[in-house]
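What follows is a short report on a single structure.
The values are calculated or read from the model by the stated rules, or taken from the named source; none is laboratory data. Predicted model, so just to flag it, every value in this text is computed and none were measured. Here the Cβ is made from the backbone with ideal geometry for all residues, glycine too, and neighbour counts use every protein chain on show. Accessible surface is based on the protein model in full, side chains and every heavy atom, while ligands, DNA and RNA are left aside. Shrake-Rupley method; radii C 1.70, N 1.55, O 1.52, S 1.80 Å.
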Amino acid sequence: GVRVETMKLSYWRKILYASGSLGVALSYQAFGTYIQFLYIDILGLKASLVGIGWSVYGIWNAVNDPLAGYWSDNTKTRWGRRIPWIASTFIPVGLLFYLLWVPPSPLLSGDEKTPLFVYFMVVVLIFDLLWTIVVMNWTSLFPEMIADEKERATVSGWREAFSIIGLLVGVALPPILVGADWSGRGTMALWFALITSATFGISLLGSQENLAIQHEKQPSFVPAIKATFASLSFRWFMTANLFKEFIFSIMTASIPFWAKYVLKIQGPTTLFGAELSAELQNSLLLGSAFIMALPGVPIWTWVAKRWGGRGGWQMSQVTFALSMLILFFANDFLQAVIGTSIVGLSLAGLLVFPNLLVADVIDEDETVVGARREGMYFGINGFIIRFAFSMQGITTGTILYLSR
């Protein structure tokens, strides 16, 4: 195979590449947090129909993640394997994101909602395919462009800083922008779509490929999947990453229950002279973790350069577990905010290190298979971590049932 070599990228080009993470987090969080509420509660689709839709969506995801990775690995053009996919999809993905939020007016009138359901399914499946393609290829560029471990740590840190900003905007701003009656959803969707497409487009300015890599002989689809799962390093990484996503998911899902039933937050409270509604208190509990993750990113980036990806991730897991104990002893809103803020510092480490570890796995795989297969690895990883949401739903439901 062609050994990947560190490309001569300026510091600003690395930041431009990393900025794509803002579009990834913004679009994914806004979609995942609010689109179901919009179609059920605001537009009037039956929850049972949307449930069927999400089942189809789940199957679709199971197929398109590894498939998009395989397509990417096997692409051969004068511009490389990844960049043509991003360049051809970064504008359509923004357009489809916008269309999700503003279905045509004729579909919203009358009691017959089948046409609206069909519209929702068609648009969401096309959006997800385009989103998977652009994100798959964008993430696949990371290990290929940068081989040096310390340089990877720097870029990973920038990626997660942009990601945290996108996550905060995607979760916090929609309720403000759409208004109580959701009449402003078109404006919100337009701005978010423009930011998503723009950041993907800007990331291309910092992207570069080694054109010689695309001439490596790639295994066909089924052998490629088998070779990926054959990697012991990847299986260990995949297991750890799945449970990391599970912890993130269950943490965000359980905070409203924790706030209501443990902290007894059911009405306004006064903090430092300011009155905070119950809704604002809930937002601050989750938001404080992500806000504090921002200053945590450069700290864990330094740790990665000093002790490497594997050692750094182990350290962040230990500190995250210890910081979660603080939440166990919190019994009022102020203590809880302090606790979630401390958790946020370790949370940054759990975000920074997976990028570095999967890059190491891909480097190792090249010595075995004789070809660089970033697309397939990110595709399989994307498919596997989606099970975290199912695990979270089952766990949360079981705990709530047993603690009635």
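Odds and ends about this structure:
- Members of region 23-46 that are among the charged types (D, E, K, R) and either in contact with a helix residue (DSSP H, G or I) (Cβ under 8 Å, 6 or more places away or on another chain) or open to solvent by less than 30 Å² (accessible area, probe 1.4 Å) (or both): 46
- Condition broken by residue 20, with the remaining ones in (1) open to solvent by 60 Å² or more (accessible area, probe 1.4 Å); (2) within 30 Å of residue 211 (Cβ to Cβ); (3) in contact (Cβ under 8 Å) with a residue 40 or more places away in the chain satisfied: (1)
- Failed criterion for residue 239 (all others in (1) at pLDDT below 90; (2) under 16 Å from residue 350 (Cβ atoms); (3) hydroxyl-bearing (Ser, Thr, Tyr); (4) open to solvent by 50 Å² or more (accessible area, probe 1.4 Å) hold): (1)
- Candidate set: region 47-98, residues that are of a type in the set (Lys, Arg) and under 20 Å from residue 203 (Cα atoms); chosen: the one surrounded by the most Cβ atoms within 10 Å (Cβ to Cβ): 82
- Residue 362 meets each of the listed conditions (1) at pLDDT 90 or above; (2) open to solvent by less than 10 Å² (accessible area, probe 1.4 Å); (3) of a type in the set (A, V, I, L, M); (4) within 20 Å of residue 248 (Cα to Cα) apart from (4).
- Against the criterion of being assigned to a helix (DSSP H, G or I) and in contact with a Phe, Trp or Tyr (Cβ under 8 Å, 6 or more places away or on another chain), residue 316 qualifies.
- For region 270-297, a residue qualifies if it is touching a residue at least 12 places away in the same chain (Cβ under 8 Å) and open to solvent by 80 Å² or more (accessible area, probe 1.4 Å), and exactly one does: 291.
- The lone exception for residue 191 - which of (1) farther than 27 Å from residue 59 by Cβ; (2) of a type in the set (Phe, Trp, Tyr); (3) in contact with a Ser or Thr (Cβ under 9 Å, 6 or more places away or on another chain); (4) open to solvent by 20 Å² or more (accessible area, probe 1.4 Å) it fails: (3)
- Selection within region 365-378 - open to solvent by less than 20 Å² (accessible area, probe 1.4 Å), among the small types (Gly, Ala, Ser) and at pLDDT below 90: 371
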